[in-house]
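Read-outs: derived from the displayed coordinates by stated rules, not from any lab. As the structure is a prediction and not an experimental result, all values here were calculated from the model. Quick reminder, even Gly has a Cβ in these numbers, built from the backbone with ideal geometry, and neighbours come from all protein chains shown.
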There are 2 protein chains.
Amino acid sequence: MAATIKDVARLAGVSQSSVCRALARPDQVRPDTRERVERAARDLGYYPNRAARGLITGRTANIGVVLPDLANPFFPSVVKAIQTQARRFDYAVFLSDTDEDPAIEVPLIRALAKQVDGFLLCSPRSGEEELRAFAGQIPIVVLNRRITPFPSVTADSADGMRQAIGHLHALGHRRVAYVAGPRASWSNRDRLRGLRSATGAYDMELIEAGNVAPTVDGGAAVADTVAASPATAVIAYNDLVALGLLNRFRARGIAVPGRISVVGFDDILLAGLVSPALTTVAIAKEQIGRTGVELLLDLLADRDPVNRRTPTQLIVRDSTGPLTDQIR
Amino acid sequence: MAATIKDVARLAGVSQSSVCRALARPDQVRPDTRERVERAARDLGYYPNRAARGLITGRTANIGVVLPDLANPFFPSVVKAIQTQARRFDYAVFLSDTDEDPAIEVPLIRALAKQVDGFLLCSPRSGEEELRAFAGQIPIVVLNRRITPFPSVTADSADGMRQAIGHLHALGHRRVAYVAGPRASWSNRDRLRGLRSATGAYDMELIEAGNVAPTVDGGAAVADTVAASPATAVIAYNDLVALGLLNRFRARGIAVPGRISVVGFDDILLAGLVSPALTTVAIAKEQIGRTGVELLLDLLADRDPVNRRTPTQLIVRDSTGPLTDQIR
DNA sequence: CAATATTCTGGAAACGATTCCAGACTGGCC
DNA sequence: GGCCAGTCTGGAATCGTTTCCAGAATATTG
């Protein structure tokens, strides 16, 4: 159906090899053959079959992206940045959403492996050992998680937490709750670690609330527990959870930030739009995606990529403030 | 590096053809060869190269998805549904975000064409003629737009608009504004068409406000114009625009729904989380994605797919109500 | 047990591109 | 004009699969 290199060769009256050269390295053919080939290609609407090319060159010009849940607004932002950067280098993107199911990550990677030059794994949920089995086999860059020996891009959660805690401390808070995300999530552990260190530094009490799904419902589910705790401020695993908290608090008539302050993490689009607008720790989502592509290309070019850490920044909005309802 | 069918053949002591058969049609080989092949494949960690297979079978088991902007929360929902349904039939997904740039759509489709069995074009922005050129060449299903001769899945905007207008009418509104989305957007024209028919049926006045980008900023930009109009209710092209309106209205101290009611379209996750929670016309996003995949598979199997129209449903929340600030 | 029907198997071609190699041109120079 | 160097070109092999075809092995039958 679609034109192949053979058709072009026939129409241009040259051999396949010449067509290939004329299109790939125009300076290696005579101007007139080049012109005839170009015209033939244009006339036939010829586009090379990248899969066939990949077979022989060993380079597919595709990047595989695997992530746990596209419904979490954090990921589309990252993917978009990946896309943009990938296109800049003429790479296309294979996308796979695992639906937070660690069990399908590895088979998925296996199945796609031959169709891509390498993978960007966003917040993979699989065990370290399983993933490590790919080391040396398939070029992999990990985003939002650190797994040796893969190069990775992670956010500086510790600094973000420090900023958040500094802010809350300045507002007079001394007891802060943390609503933890999925236990399998490295980000969750990383954030918690950063938070512990920050509360330690400021000599504040940290109250940990159960692991919840990283969704609005997850946040809503734990809101009552948080409200019943002595915490006067709460930091959520991510913005979705924070929004769930806000929602439930409003439903319960619990004033934010009057009775309790709420801090999110990620700075998704919604964060600034709800009311009270959510104070949150912004992650450089675009930078993570872009840098991920850069590292992967480094890896593919046999340059040795180094782990990168992207900055975080506390965005103070309206969901945090000094206590006004002094109920305890 | 990675194991090929040849390696498996050597290890199992059979020919390539037998390996292929043993794995693809196990009932056509003797049980013992099948077993040896399976073991060899397992031991070597053999996974077939889908690209190579596609070359000969003409079937890549990939679907290409092209959409204008992943940052619009509407699309991730659709993509997620596409993913899920595609995986069910063992298809993988190629994703491309065009950044609302119609100029790159067609080249993108061309470049990817050989790597996928067909495309799902979500809200394509290109001209009809350009896209029609693919008819008969590349299997294409269009989502959120109707372009003959491609099968398409669209939302029943007219019915959604009827519901919205019915709701506003019942609340006492008689003058309603529409904030239009991108001029190039078929959805926008479709929604406007539905709206006109609905306002006509209810004998209401329709005030059309300029075309804006389908984003929060787009909505914010036109809010003052809307407020200055005689409209007592406004329907936005989509939820993002509606949220922009809400935001700006709040900043201006314009009561919603007291002074003006706001209705969105799409029912993205945010809609229910802002306050006032947004009344909006919900679109069956998952169904659109799922159905799109079904139609594409029909097309690929030479079954004749028919256009589908998915239902819409007005979700009444808090951004609509009877007028209370009777300023005019 | 021979003849036939049936099931399995291996060899080779094919898919669409790229690349190596050798041979055919071209030009420059004497 | 003849020779050499350099530039272009075509043929053939190759990537990893699948599939067709013919032949080998096995099973069935009288």
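Across B:D32, B:D217, B:D203, mean-square fluctuation computed from a Gaussian network of chain B (C-alpha pairs under 10 Å connected) peaks at B:D32. By DSSP, what percent of the beta bridges with both residues in chain B are antiparallel, rounded to the nearest 5? Percent antiparallel among DSSP bridges in chain B is about 10.
Annotation: amide H of A:I235 within the under-5 Å range of A:A177, A:Y178, A:V179, A:V263, sequence separation 5 or more or interchain, hydrogens built in the peptide plane. Summing +1 for each Lys or Arg and -1 for each Asp or Glu among the other residues whose beta-carbon sits under 15 angstrom from that of A:E105 gives -3.
Return the lysines within reach of A:K6: Cα separation strictly under 23 angstrom, same-chain partners fewer than 8 residues apart disregarded; answer none if there are no such residues. Reachable lysines: B:K114. Sorted from shortest to longest, the distances between the B:A201 label points of this copy and the other copies are 6.1 nm, with each point 7 Å from Cα along the line through the beta carbon. Between amide H atoms placed 1.01 Å from N, distances below 5 Å from A:T310 occur with A:T154, A:A155, A:D156, all of them 5 or more places distant or on a separate chain. Were the residues from B:Q287 through B:Q16 laid out at 0.36 nm apart, the gain over their Cα-Cα distance would be 93.3 nm. Ranked from largest, the principal axis spans of the Cα set of the range B:157-284 equal 34, 30, 25 Å.
For B:A92, the residues whose amide H sits under 5 Å from its own are B:N62, B:I63, ignoring neighbours fewer than 5 places away on the same chain, with H placed 1.01 Å from N. Distances, shortest first, from the label point of A:K6 to those at the same position in the other copies read 2.2 nm; the point lies 7 Å along Cα to C-beta. Just to confirm the filter: which trypsin sites (Lys or Arg not before Pro) across the range B:248-306 are DSSP coil and have at most 16 other Cβ within 10 angstrom of their Cβ? Here the trypsin sites (Lys or Arg not before Pro) that fit, given the DSSP loop and packing criteria, are B:R303.
Restricting attention to the protein assembly as shown, close to 15% of DSSP beta bridges with both partner residues there are antiparallel. With label points set 7 Å from Cα along Cα→Cβ, the inter-copy distances at A:G58 are 3.2 nm, sorted shortest first.
A Gaussian network model of chain A, with springs between Cα atoms under 10 Å, assigns the largest mean-square fluctuation among A:L314, A:L23, A:L55 to A:L23.
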